[in-house]
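**Q** Before anything else, here's the structure in question.
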Amino acid sequence: MKQKIEYWTECVTKVSKAAVRAPQAAFSTMTKSLQCEWEFVQRVVPDCAETFIPLQRAISDQFFPSLLGGVVTVEEKLHAYKTSKQGTATVSEAIKGVTAFQHEQHLESLTTARKMSTKAKEDDFILKFESIIPSFSPDRQRALRRSLNGKTSTWLNVLPLQNYHFDLSPLQFRDGLAIRYLRDPPCLPPKCDGCGTALTLQHALDCKKGGLVIQRHNEIRDCIGDIASQVWTHVIKEPVVREADVKNADGGLRLDLGIRGVWQPQVEALFDVKVVDTDAPSHRTRSPEAILESGAKEKKRVL
């Protein structure tokens with residue numbers, strides 16, 4: 001066991017060095033490969049939590065700082081062995097000759113053990129989360145609760161596949177983490193190149209003079225359009241819904257995407273993208289869910 005821990009610790013050290021230049025690839029390596037190796041050991045070896053302390057320290061002292069650019073602490077309880085023992089109790093009893101093996105009973109006990117383990121992990125996490133969150137500012141608390149309740153972690157589990165443009169640059173990956181936890185991104189310029197104001201994360205998201213707001217909107221529109229074009233053949237940007245009327249001071253109406261065949265064959269479906277900064281000062285008295293719902297209703301009124 002000691003040799004395995006030393007090997008994994010050395011691997012974490014190497015991955016931490018790689019995380020400086022390729023944080024997304026390093027994160028995928030940790031969660032999709034290395035973590036699976038020691039989780040298997042945790043499932044079959046009882047009372048091994050103390051043995052993993054060197055590995056835990058390497059993750060908290062080396063990997064996370066390389067990934068995020070700051071010092072992070074981590075504490076982990078090991079539920080894996082208990083879950084594995086409960087889930088394989090039917091197989092163990094059959095091997096010992098105590099009872100006959102029943103496949104359906106084994107699947108039922110395995111499913112039950114997994115559900116109980118997941119519930120126990122979630123309960124432990126919620127207790128820890130609620131104990132430390134009062135130490136943060138109200139704005140940071142709001143961001144953390146949104147990440148937890150909104151289940152916004154899917155993008156972290158995506159493999160960095162270049163063919164599908166899922167590979168993020170180090171700057172993009174760290175910016176995404178910064179927005180998720182309401183931290184100022186690393187290497188942030190001192191001033192906004194649009195208005196000259198001191199540049200913060202909030203200002204970068206809200207400033208309408210630097211062009212970042214419309215670029216953010218257009219990137220999301222283009223991404224949806226590119227994915228849609230792999231499924232449907234007729235995808236156009238900015239379809240005209242209503243022509244402009246100069247005499248009546250009507251600027252017309254254009255939407256973001258027109259995709260034919262989404263709901264009905266040969267019928268064009270129209271889509272419009274709206275990007276909302278739920279952490280903007282004007283929105284902080286309302287929940288993110290209420291803000292997004294209001295944005296959707298506003299779009300429908302325009303149409």
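The values are calculated or read from the model by the stated rules, or taken from the named source; none is laboratory data. A quick note: this is a predicted structure, and the numbers were derived from the prediction, not measured. Here the Cβ positions follow ideal geometry from the backbone for every residue, glycine too, while neighbour counts run over all protein chains shown. Accessible surface is based on the protein model in full, side chains and every heavy atom, while ligands, DNA and RNA are left aside. Shrake-Rupley method; radii C 1.70, N 1.55, O 1.52, S 1.80 Å.
**Q** Spin-label point model (7 Å from Cα, Cβ direction): what's the residue 283 to residue 37 distance in nm?
**A** 4.2 nm
**Q** Grab the DSSP H runs of the chain that are 4 residues or longer, score each as -39,500 (n - 2.57), total them, divide by all residues and round the 222 nm result to the nearest 500 deg cm²/dmol. Walk me through the numbers on the way to the answer.
**A** Working: 13 runs with 155 residues, N = 303.
Value at 222 nm, helices only, nearest 500: -16000 deg cm²/dmol.
**Q** Here is a follow-up. Report the label-to-label distance for residue 216 and residue 180 in nanometres (one decimal), using points 7 Å from each Cα along the Cα→Cβ vector.
**A** In this crude spin-label approximation the distance works out to 1.7 nm.
**Q** If you don't mind, another one. Between 127, 113, 16, whose Cα lies farthest towards the positive end of the dipole of the chain when Lys and Arg beta carbons carry +1 and Asp and Glu beta carbons carry -1, centred on the Cα centre?
**A** Ranked along the dipole, the leading option is 127.
**Q** Select from region 205-272 those trypsin sites (Lys or Arg not before Pro) which occupy a DSSP coil region and have at most 11 other Cβ atoms within 10 Å, ordered by residue number.
**A** 208, 247
**Q** Once both labels are modelled 7 Å past Cα along the beta-carbon direction, what's the residue 152-residue 206 spacing in nm?
**A** 1.6 nm
**Q** Share of Cα-Cα pairs in the chain beyond 24 Å, in percent? Can you show the working numbers first?
**A** Details: 31214 of 45753 pairs.
The share of Cα pairs beyond 24 Å in the chain comes to 68 percent.
**Q** At R0 = 22 Å, how high is the FRET efficiency between residue 266 and residue 236 if r is their beta carbon distance? Nearest 0.05 is fine.
**A** In this case the efficiency is close to 0.95.
**Q** Students often get this wrong, so check it: of 2/119; 128/208; 4/121; 17/151, which have C-alpha atoms separated by over 32 Å?
**A** 128/208
**Q** Sticking with this structure for a sec: Compute the signed sum of charges (Lys and Arg +1, Asp and Glu -1) over the other residues within less than 14 Å, Cβ to Cβ, of residue 271.
**A** For residues surrounding residue 271, the net value is +1.
**Q** What number do you get for region 158-303 when its Cα radius of gyration is normalised by 2.2 N^0.38 Å, N = residues? List each step's numbers first, then the result.
**A** Values: Rg = 18.2 Å, N = 146, 2.2 N^0.38 = 14.6 Å.
Ratio of Rg to 2.2 N^0.38 Å for region 158-303: 1.25.
**Q** For residue 136 and residue 275, compute 0.36 nm times the residue count separating them, minus their Cα-Cα distance, and round to one decimal in nm.
**A** 47.4 nm
**Q** Once you keep just the Cα pairs under 8 angstrom separated by 6 or more residues, what percentage relative contact order results for the chain?
**A** On the way: 303 pairs, mean separation 32.6, N = 303.
Answer for the chain is 11 percent.
**Q** Angle check, please: helix 288-302 long axis (alpha carbons) against the longest principal axis of the chain (alpha carbons), in degrees 0 to 90, nearest 10.
**A** Tilt relative to the chain: about 30 degrees.
**Q** Assuming 0.36 nm per residue, please report the length gained on full extension of the stretch residue 300 to residue 164 beyond their Cα-Cα distance.
**A** Separation in residues times 0.36 nm, less the Cα-Cα distance, equals 45.8 nm.
**Q** Shape call for region 241-303 from the C-alpha gyration tensor, a ≥ b ≥ c root eigenvalues: rounded (a/c under 1.5), prolate (a/b greater than b/c) or oblate?
**A** Verdict is oblate for region 241-303.
**Q** Right, here's the next one. What is the dipole size for the chain, taken about its Cα centre, with +1 at each Lys and Arg Cβ and -1 at each Asp and Glu Cβ, in debye to the nearest 20?
**A** Charge dipole, the chain, about its Cα centre: 280 debye, nearest 20.
**Q** Dipole size in debye (nearest 20) for region 167-268 around its Cα centre, Lys and Arg Cβ +1, Asp and Glu Cβ -1?
**A** In debye, rounded to 20, region 167-268 gives about 240.
**Q** Turning to a different aspect of this structure: Using a probe radius of 1.4 Å on heavy atoms only, what accessible surface per residue do you get for the chain? Whole Å² is fine. Mind dumping the intermediate values first?
**A** Details: 20360 Å² over 303 residues.
So the chain comes to 67 Å² accessible per residue, rounded to a whole number.
**Q** Turning to a different aspect of this structure: Over region 161-303, what is the relative contact order in percent, taking alpha-carbon pairs closer than 8 angstrom and at least six residues apart?
**A** Value for region 161-303: 13 percent.
**Q** Taking the chain as the reference, fit the longest principal axis to its C-alpha atoms, fit the long axis of helix 2-19 to the helix C-alpha atoms, and give the angle between the two in degrees, 0 to 90, nearest 10.
**A** Helix 2-19 sits at roughly 10 degrees to that axis.
**Q** How high is the relative contact order of region 110-201, in percent, counting Cα pairs under 8 Å that sit 6 or more residues apart?
**A** Taking the mean separation of contacting Cα pairs over the length of region 110-201, I get 18 percent.
**Q** To the nearest 10 degrees, how steeply does helix 138-149 sit against the main Cα axis of the chain, on a 0 to 90 scale?
**A** With rounding to tens, the tilt is 70 degrees.
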